[in-house]
Amino acid sequence: MARAKARGSGSPPPPSGLVRSVDAFCEELLREAYQVGAGLKAKGSEAAIYRKWRSLFLPSAMARLPEGPARTRARLEEFLKVGYVDRAIAPWQDRRRNRLLAATVPWRGDRLPFFSASVHLAELPDREDRRELYGELAKVWRSVGQEEEGAWATFGEGVRALGYPDGRAACEALFHYRVPHLLRETRRFSASTEKLYGTLLGERADLEGIARAEVRIYDAGRMLRGTSWREHFPSRGVQPFLRRTLRDLGLPWGAFRPDLAVRPRKNPRAFCAPIRIPEEVYLVLRPVGGHDDYHTALHETGHALHFGLTDPALDPVFRRLGDASLTEGWAFVLDLLFLNRSFRRTLIPNAEFVRFFALTQLWMLRRYAGKIAYESRFFQDPLDPGLRDLYVRCQSRATLVRPDEQGNMGDRWRSDVDPWMYTAGYLRAWMFAGSFTQLLEERWGERWWSEPSAGAFLARLWGRGQHPEVEDLLEEFGLGPLSLRPLEGLLRRSVEG
Ligand SMILES: [Zn+2]
């Protein structure tokens with residue numbers, strides 16, 4: 001930390017120092033995110049870290065990229081450009097996050113913290129209660145409208161200062177997203193899965209006593225929560241489950257640091273914090289019981305193994321920076337094991353669970369299809385007020401779920417947006433993971449997850465860190481272009497099998 005401070009201001013560091021500074025900056029930012037998320041620290045300030053490292057994000061730093069291979073220079077340049085914009089947004093983001101952390105919602109004579117209230121919504125069996133609580137949550141979303149507008153206005157100014165006509169063009173250039181291809185492929189997927197999804201949604205709506213065409217946005221969380229299977233997924237079983245999964249694949253438990261400690265302020269959402277790659281990678285979990293604990297734990301373990309088994313001799317640029325679709329893809333390769341019949345039977349034998357789980361996956365994929373349709377427009381002009389209605393239309397059409405009666409759903413039009421079109425990264429990752437799972441099944445059979453040689457194969461690829469892009473690996477293994485067809489096949493087989 002002291003070393004970082006000494007370099008915090010003054011002239012830009014020399015070329016080799018730039019890479020070290022980027023690595024140290026990322027380490028500091030991730031340590032802060034870990035400490036806040038794990039409940040070790042009450043409040044965070046990313047803006048303070050960006051201020052300390054401001055010299056990294058000056059145009060003069062971009063002008064002094066070190067000599068070296070084109071891919072190294074490109075990764076550094078992309079990182080510095082994204083950081084230039086993120087530094088300007090950070091104060092808005094800090095204010096928004098800290099306001100949400102402090103926000104409470106009145107509920108039955110009590111006040112619930114905003115984040116707990118969002119979780120509580122999915123637990124309410126009574127529809128009227130859900131409608132009412134959803135309305136209370138919407139008041140909090142509206143209360144941070146100013147910070148959201150400020151953040152997106154600053155984003156637009158930042159990308160234009162870098163020479164891009166708008167945010168979408170910047171995301172396409174800096175993250176290599178081929179948005180038209182993703183739009184075509186998600187439209188095809190949505191049309192192709194409409195019938196299956198509608199059937200599964202209808203089955204679930206029946207159980208809740210709601211007509212399928214009447215399902216509303218405030219019902220969705222409850223329908224996807226899967227409370228009836230909770231007994232199969234006790235919270236205390238998460239760690240033994242992960243240990244067993246790694247042992248079956250012949251992979252080391254010590255590749256990362258699991259943090260399962262119970263702390264009152266710990267974020268209920270699981271996450272992986274690769275603070276120093278590969279030596280200090282945290283897997284942060286707060287299991288409460290339910291299939292989602294196990295499913296998200298697998299996803300985050302995919303990230304933790306990818307970073308934790310990265311070759312320490314690799315150029316720090318390729319340990320740290322790169323195509324986020326790749327690490328998301330590795331995370332999905334593990335979490336898609338829930339669609340694998342033999343793997344799933346080790347957890348739960350019930351056939352109805354399969355249909356329920358397929359519904360949750362189709363919901364997510366279709367929601368992201370709706371998100372990319374919306375965000376491809378949003379990023380062109382995030383301040384256009386006409387987008388509010390477009391958000392509701394895109395989400396309702398994709399998920400076949402109606403908005404609430406009071407029109408509160410539209411209040412999320414600026415918050416239900418992933419920074420830098422990360423939505424596109426997730427979609428690329430799902431595509432990659434579907435294709436890669438097919439490869440694993442072809443080579444090792446459906447039970448690839450119990451073959452140490454499959455684990456060793458994955459570990460070798462994880463050793464390459466962030467160097468490859470997902471397209472490089474698809475080409476290397478002859479897996480064809482990015483497509484949702486392989487994943488769609490896995491989903492259909494899981495329901496039929
Ligand atoms: Zn992830």
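The values are calculated or read from the model by the stated rules, or taken from the named source; none is laboratory data. Given the structure is predicted, the values throughout are model-derived calculations rather than measurements. Cβ placement follows ideal geometry from the backbone for every residue including glycine, while neighbour counts extend to all protein chains displayed. Areas reflect the complete protein model, heavy atoms only, side chains present, ligands, DNA and RNA absent. Shrake-Rupley method; radii C 1.70, N 1.55, O 1.52, S 1.80 Å.
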Net length gained if the chain between SER116 and ASN98 were fully extended (0.36 nm per residue, minus Cα distance): 5.0 nm
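Let me have the 222 nm mean residue ellipticity of the chain computed from DSSP H runs of 4+ only, each contributing -39500 (n - 2.57), with the sum over all residues rounded to the nearest 500.
Numbers: 22 runs with 308 residues, N = 497.
Value at 222 nm, helices only, nearest 500: -20000 deg cm²/dmol.
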Given charges at Cβ of Lys, Arg, Asp, Glu: region 2-102 dipole, positive-most of LEU30, LEU80, ILE49: ILE49
Filtered GluC sites (Glu not before Pro), region 330-405: DSSP coil and at most 13 other beta carbons within 10 Å: GLU405
Accessible carbon and sulfur surface of the chain relative to its total accessible area, %, 1.4 Å: 52 percent
Residues with amide H under 5 Å from that of ARG402, placed H, sequence gap 5 or more: VAL215, ARG216, ILE217
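Tell me, what is the per residue accessible area of region 394-492 in Å², probe radius 1.4 Å? Write out the running numbers ahead of the final one.
Details: 3530 Å² over 99 residues.
It amounts to 36 Å² per residue over region 394-492.
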Phi-based couplings in Hz for region 286-300 (Karplus 6.51, -1.76, 1.60; Gly and Pro marked x): 9, x, 10, x, x, 4, 5, 4, 6, 5, 6, 4, 5, 4, 5
Net charge dipole size for the chain [Lys, Arg +1 and Asp, Glu -1 on Cβ; Debye, nearest 20]: 860 debye
Computed FRET value (nearest 0.05) for ARG257 with ARG160, which takes r as the C-beta separation and R₀ as 41 Å: 0.50
Loop-located chymotrypsin sites (Phe, Trp or Tyr not before Pro) in region 193-251 whose Cβ has at most 11 other Cβ within 10 Å (DSSP): none
Taking the convex hull of Cα positions in region 46-155, its mean projected area over all directions (nm²): 9.6 nm²
